[in-house]
Amino acid sequence: MLRKKLQSALSAGTLAGLLTIAGSVQAQEAKITRIDPPNWWTGMEHDTVQLLVYGENLAGLEPLFDPPGPTILKTQLGASPNYLFIDVHIKPGVKADNYRLVLRALRNEVSTFFPIMDRAPREGRHQGFNQDDVIYLIVPDRFADGNRANNNVNDAKLYQEYDRSVPGAWHGGDIQGVMDHLSYLDELGVTTLWLTPVLENAGKGSYHGYAATDYYRIDPRFGSNSLYAEFVESAHSLGLKVIFDHVNNHCGVDHVWVKNPPTQTWFNGSLEKHDTDGHNLPAVHDPYAAPGELEKMRRFWFVDQMPDLNQEDRYVARYLIQQTLWWIEHSGIDGIREDTYPYSDEEFGVQWVRAILREYPAFNVTGESWGATAFTALFQKGCRLPRSFNSELPSVIDFGFMMAMERYLKGQEGLLAIYQRLSEDYFFGNPNNLVSLLGNHDTPRPIFIAEGNTGRYRVALHILLTTRGIPQLFYGEELGMMGGESHVLLRQDFPGGFPDDSRSAFNASGRTEAENAMFTYMQDLLRLRARHAALRHGELRHVRPDWDGGYYAYGRYHESGNILSVVNGSEKAQQVPFRFLVPLLGNAESRGKGDAVMLRNLRTGQSLPFAPGDVLPLDAYQAELYEILR
């Protein structure tokens, strides 16, 4: 065939003809550049995997495995000859091996390896997270630099911008830095670590991790895939769990898909034509939404640098589900925080959660769903409100709680705001599985909101760590770190996490007097929470504060004991009368009868009788926990 083409070109007497044929022949040479996922495992519930093969001239090639083992069910060429989808069944009995995947045509053959591995023992992995836990959120780039050698890496794909003097640049923090300070986190008393995304983000200003350019690679400025797995194992050895921050909704504009998508409908819109004005979450439930409003919200790009993935494309959906399962199995993580959960296709969200929990029944997944209480509740499984869609998300982040706390911290409202927010828990399917917070990597820090008022900040911490739900702290909150209003300023570097720092707040000797006081306050609360099951699992009952919201009280009731929390949220001393606390005193049978009780202060250990006519004196911004004794 080649000889005939050459003879035809020569007879035509044209050099252009020769060049065209030479180019055509060269173009037929197949090439494989990568394969996603890079491996799979035996014994998985998800035993049929769709491989996405990247390369050149993949059309017309037939796949086979050498040695035989996995079964090839189906192949489908992508939107161009640069992609090939291959459905593979790893049936029971297939042995772990480094299988060679061969793509073959009559005179063309190319191959790569697809390892199938035995699963690691499950003990101590994929534990989930719950009310027994306290989450500590870390922006790795701003926490600690454990490996200076990876601050500038030799990788032309990555935009290099390491400069600690520039707030929006990379500052050098990494996974090794977090590992180096696990003992500090254990000493503080948190139980679960949530790192903002650590996958490769090649673009400018992407230290935050939310614009992935490779879904199967840890950014080399953070470390490596193997180091991340080692980090999880090290955390587990100290009894700490790990949450993986995941993004189904969008990728980064520098991803190879953007200019050459695997399917024609891989994205909502294109680089040249897309909508960036769709931040309209109420469209999910708005009974008056004009036609197209919901669709616009689902399909817009957050910013030009974050192309919106189309989960209605079945290839995109399978890719994201498999990628999620791959990271869980590879690393042994215990939970997932899903970014921008409501913006993805709702039916995909159901299938994604089901796939995770079918494979890892003890796992937990929490979703970011900004908004007031009723809106957030729509996205948790078992929501008590009518809704036009299903959600099987076990947990959501309680932004309504955060907003109420923000109003209190600003001095706009008293503790009545917190009472009113908690009274709305009837919207949720499971309030105990909500992630409660004072702030995170997207909001000004609570001490900044309170304009430095440490009294109000301590009150907020007390309530956060002793009421229902799963508390989440943001790195540096244990120091009263101030930060600033913008994203880059609130994500300030942790003192002592970087080689050139003049002091280290990881040690008491390197902290200021105010930082040590705040650290001790939080540590004491965390120890009390860990010591008393009632503060984690106890039934919650509270009484409504006065309109000025000066003081607030609630009880946590558990078979192991009953605990009373009394909080003065005002700047003046208060005397809390016995009659106000009567509904909370005693056990389930005696509460509300007005009988005298004995209270033991959990902080001081002192006991005091408390009877009709007595008062509990509280200084300004004082909060106390009492064990209720008969």
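A few remarks follow.
- Residue satisfying condition, being modelled with pLDDT of 95 or more, surrounded by fewer than 18 Cβ atoms within 10 Å (Cβ to Cβ) and touching a helix residue (DSSP H, G or I) at 6+ places or on another chain (Cβ under 6 Å), within set Asp163, Asp132: Asp132
- Residue in the range 372-388 that is out of contact with any Phe, Trp or Tyr (no Cβ under 7 Å at 6 or more places or on another chain), touching a residue at least 12 places away in the same chain (Cβ under 8 Å) and of a type in the set (A, V, I, L, M) present: yes
- Looking only at the range 537-547, residues that are assigned to a loop (DSSP other than H, G, I, E, B) and either farther than 16 Å from Arg421 by Cα or not charged (D, E, K, R) (or both) come to 3 in all.
- Matching residues, the range 165-206, being β-branched (Val, Ile, Thr) and either within 30 Å of Val258 (Cβ to Cβ) or part of a loop (DSSP other than H, G, I, E, B) (or both): Val166, Ile175, Val190, Thr191, Thr196, Val198
- Of all residues making up the range 586-610, the number that are in a loop (DSSP other than H, G, I, E, B), open to solvent by less than 30 Å² (accessible area, probe 1.4 Å) and modelled with pLDDT under 95: 3
- Residues of the range 96-110 satisfying the condition of being open to solvent by 50 Å² or more (accessible area, probe 1.4 Å) and either assigned to a strand (DSSP E or B) or closer than 16 Å to Val49 by Cα (or both): Asp97, Asn98, Arg100, Arg104, Glu109
- For the range 210-322, the helices (runs of 4 or more DSSP H) that sit wholly inside it and include 1 or more residues that are farther than 26 Å from Ala377 by Cβ and in contact with a strand residue (DSSP E or B) (Cβ under 6 Å, 6 or more places away or on another chain) are 225-237.
- Residue within the range 555-566 that is touching a Phe, Trp or Tyr at 6+ places or on another chain (Cβ under 6 Å) and assigned to a strand (DSSP E or B) present: yes
- Qualifying residue in the range 377-395 (condition: part of a helix (DSSP H, G or I), of a type in the set (Asp, Glu) and either open to solvent by 10 Å² or more (accessible area, probe 1.4 Å) or out of contact with any strand residue (DSSP E or B) (no Cβ under 6 Å at 6 or more places or on another chain) (or both)): no
- Considering (1) over 30 Å from Ala530 (Cβ atoms); (2) open to solvent by 10 Å² or more (accessible area, probe 1.4 Å); (3) within 18 Å of the chain's Cα centre (by Cα), the lone condition that Glu200 does not fulfil carries the number (2).
- Qualifying residue in the range 128-149 (condition: outside any strand (DSSP E or B) and closer than 30 Å to Gln50 by Cβ): yes
The values are calculated or read from the model by the stated rules, or taken from the named source; none is laboratory data. Note that the structure is predicted; figures quoted are calculated from it, not measured. Positions of Cβ are backbone-derived with ideal geometry, glycine not excepted, and every protein chain shown enters the neighbour counts. We work out accessible area using only protein heavy atoms, side chains counted, and drop any ligands, DNA or RNA first. Shrake-Rupley method; radii C 1.70, N 1.55, O 1.52, S 1.80 Å.
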